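The values are calculated or read from the model by the stated rules, or taken from the named source; none is laboratory data. Values in this document were obtained by computation on a predicted structure and should not be read as measured data. In this analysis, Cβ positions are derived from the backbone assuming ideal geometry, glycine residues included, and neighbour counts consider all displayed protein chains. Remember, those area values only see protein heavy atoms, side chains included, never the ligands or the DNA or RNA. Shrake-Rupley method; radii C 1.70, N 1.55, O 1.52, S 1.80 Å.
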Amino acid sequence: MNKFLELATAGVQQLVPYVPGKPVDELQRELGIAEVIKLASNENPLGTGAKAAAAIQATLPELTRYPDGSGFALKAALSAKLGVAPEQITLGNGSSEILELVMRTFVTPELEVVFSQHAFALYPILTQAVGAIAKAVPAKNYGHDLTAMRAQIGPQTRVVFIANPNNPTGTLLATVELEAFIASLPAHVLCVLDEAYYEFVDPVLRTESLDWPNRYPNLIIARTFSKAYGLAGLRIGYGISAPDMADMLNRVRQPFNSNMLALAAAEAALGDVDYLDQTLALNNAGMLQLTGAFQDLGLPWIPSSGNFVSVDVLQPALPIYQALLHKGVIVRPVANYEMPRHLRVSIGTQRENQIFITALREVLQGV
Ligand SMILES: *Cc1c(COP(=O)(O)O)cnc(C)c1O
């Protein structure tokens, strides 16, 4: 009998691990399918950008050294590009680490953490890992119901997560309502504004939140190089907050939490305007391609501001997901997000999207 199971904290014992998108190699191994396309983890379909790749190459001979634990060069580049002070920036091993640092720094057992139904799966996991109490607030039209969320915030609440756009629904909040929500928060409640998909949002609808931490000291914005910048495999993201909050997170983080290749590649990627432009153009075209096909198939979808779209297959989605796997197409079932009839599809290249559309049509027609 392994007593260590009982020694783990109560929250951890009850934890259900995060389920990542199925890796391509795994499906190839399991089903012996040569060509597999993966549209399951909101990754950038363009591949590593040329400037990031060159920066990685140039950094390879340095790997015997520790990275710059302060991330000086990347923070300087972010500061210049975003117009925030370097002291406001916290670098992380993916923006997931920023979210985790906030939880470990500010949340103790018994405190409450508020987030929306259908919001990013990491929020409940991080909440449970620190033994805090999760308050999942019913969504409105698949998006965050800010009024209902505000009503759940009380004296025991320490953190509220807002994903804008949200994953897996792609829903976007209006700037005015979002800022009013943040302004209404009591001083003891910290707001984590998760903007992992910021770059994909239509510029007309985009919330420009980066100066908000100057007005709201209890706000941290999390962004990442994993999605639009195409560096998911390297693990690099950042938080923007008041310097005071960044200082607290800096005490908790591991001294070398951002690795040397990631720091170099992210700095180069920030300056690669062509790559970002191509990414956004491909995404916009792919969104039309996919939603046009859903329209033809008579399937409703949730309008998305991200690089993915969740489609209602009008029947339990898990068998459809499995049938797609057998045709070499990996998408993401979202039953664990209380969306049992939806599949979340990341936008791929035009060719990948077409392969998915053909496979979906065949599966729905039983071929
Ligand atoms: C992908 C994603 C992240 C972070 O990903 P990292 O790779 O850890 O930077 C954060 N929030 C949401 C909502 C995401 O979908």
Inset, instruction - Pairs of Cα atoms under 8 Å, at least six residues apart: use those to get the relative contact order of region 50-271, whole percent. - result: 31
Inset, instruction - Set the Förster distance to 41 Å, then compute FRET efficiency between Val367 and Val176 from the Cβ-Cβ distance, nearest 0.05. - result: 0.25
Legend entry - Whole-Hz couplings from phi, Karplus 6.51/-1.76/1.60, listed for region 174-183; x for Gly and Pro: 7, 4, 4, 5, 5, 5, 4, 4, 5, 5
Legend entry - region 288-300 - phi-based ³J(HN,Hα) in whole Hz, Karplus 6.51/-1.76/1.60, Gly and Pro as x: 5, 4, 5, 5, x, 5, 4, 4, 4, 7, x, 9, x
Legend entry - Scaled radius of gyration (Cα, divided by 2.2 N^0.38 Å) that region 172-289 gives: 1.19
Legend entry - Cα gyration tensor, the chain - rounded (a/c under 1.5), prolate or oblate: rounded
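Among the listed pairs Lys81/Lys227; Lys22/Lys51; Lys75/Lys227; Lys38/Lys135; Lys22/Lys135; Lys22/Lys140, which have their C-alpha atoms separated by more than 21 angstrom in this model?
Flagged as over cut-off: Lys22/Lys51; Lys38/Lys135; Lys22/Lys135; Lys22/Lys140.
Peptides 172-184, 224-236: what's the order by average Cβ count within 10 Å, highest mean first?
224-236, 172-184
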Inset, instruction - Hey, can you grab everything whose amide H is under 5 Å from the amide H of Thr157? Only 5+ residues off in sequence or another chain; H modelled, so Pro and N-termini drop out. - result: Glu112
Legend entry - Two-site FRET efficiency, Leu318 against Thr291, from Cβ-Cβ distance with R₀ of 22 Å, rounded to 0.05: 0.45
Legend entry - Contour excess over end-to-end distance, with Cα ends at Thr108 and Arg351 and 0.36 nm allotted per residue: 82.7 nm
Legend entry - Net charge of Cβ neighbours under 14 Å - reference Leu193; Lys, Arg +1; Asp, Glu -1: -3
Inset, instruction - Quick one: which residues, 5 or more positions from Trp301 or on another chain, have an amide H under 5 Å from its amide H? H modelled 1.01 Å from N in the peptide plane, none for Pro or chain starts. - result: Asp312
Legend entry - Spatial separation of Cα centroids for region 186-221 and region 48-109, in angstrom: 19
Inset, instruction - Kindly provide the helix-only [θ] at 222 nm of the chain, computed as the sum of -39,500 (n - 2.57) over DSSP H runs of four or more divided by all residues, to the nearest 500 deg cm²/dmol? - result: -12000 deg cm²/dmol
Legend entry - Alpha-carbon centroid distance for the pair region 339-367 / region 264-335, whole angstrom: 9
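So with the 1.4 Å probe, I'd like the accessible area per residue for the chain, rounded to whole Å².
Solvent-accessible surface per residue comes out at 45 Å².
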Inset, instruction - Evaluate 2.2 N^0.38 Å with N set to the residue count of region 36-125, then give the Cα radius of gyration divided by it. - result: 1.45
Legend entry - Environment charge of Gln289, counting only residues whose C-beta is closer than 15 Å and scoring Lys/Arg +1, Asp/Glu -1: 0
Inset, instruction - Arrange the peptides 29-36, 301-308 so that the one whose residues have, on average, the most other Cβ atoms within 10 Å appears first. - result: 301-308, 29-36
Inset, instruction - Pop out the carbon and sulfur fraction of the accessible area of region 50-271 as a percent, whole number, probe 1.4 Å. - result: 56
